[in-house]
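First the structure, in the form of structure tokens, and then the observations on it.
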Amino acid sequence: LAVSARTGEGLGEVPAQTFRLLQIVRIYTKTPGMEPSFEEPVVLERGSTILEVAASIHKDFRHHLKYARIWGQGKYNGQRVERDYLVQDGDVVELHI
């Protein structure tokens, strides 16, 4: 990625390219019946599953997770998904234990 410290040319592309190269996704969580919190996302590797989201929140969630509901681009709002569902950047996840 070519950038110029002198003119600032190309600097606007640095954040997006860095994010792309890191191969990460940001997942937001919500409690059933509440609004999602967009303050602190769960950050995982691209290709992570709902089960990995649950484990990143609390190790016991991995063993007790029944299913999750998900909101995001290209999904039905509140769509029920299983433990092996691959999350996408910006998804909102509601875990059901």
* Asked: Per residue, how many Å² of accessible area does the chain show with a 1.4 Å probe?
  -> 69
* What percentage of the solvent-accessible surface of the chain, computed with a 1.4 Å probe over protein heavy atoms, is contributed by carbon and sulfur atoms? -> 50
* Asked: For region 7-97, what relative contact order do you get, as a whole percent, if you take Cα pairs closer than 8 Å and at least 6 residues apart?
  -> 32
* Length gain on complete extension for the stretch Val43 to Ala2, per 0.36 nm per residue less the alpha carbon to alpha carbon distance? -> 12.0 nm
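The values are calculated or read from the model by the stated rules, or taken from the named source; none is laboratory data. Remember, predicted model here, so these are calculated numbers, not experimental data. Heads up: the accessible areas ignore ligands, DNA and RNA and are worked out on the full protein's heavy atoms, side chains in. Shrake-Rupley method; radii C 1.70, N 1.55, O 1.52, S 1.80 Å.
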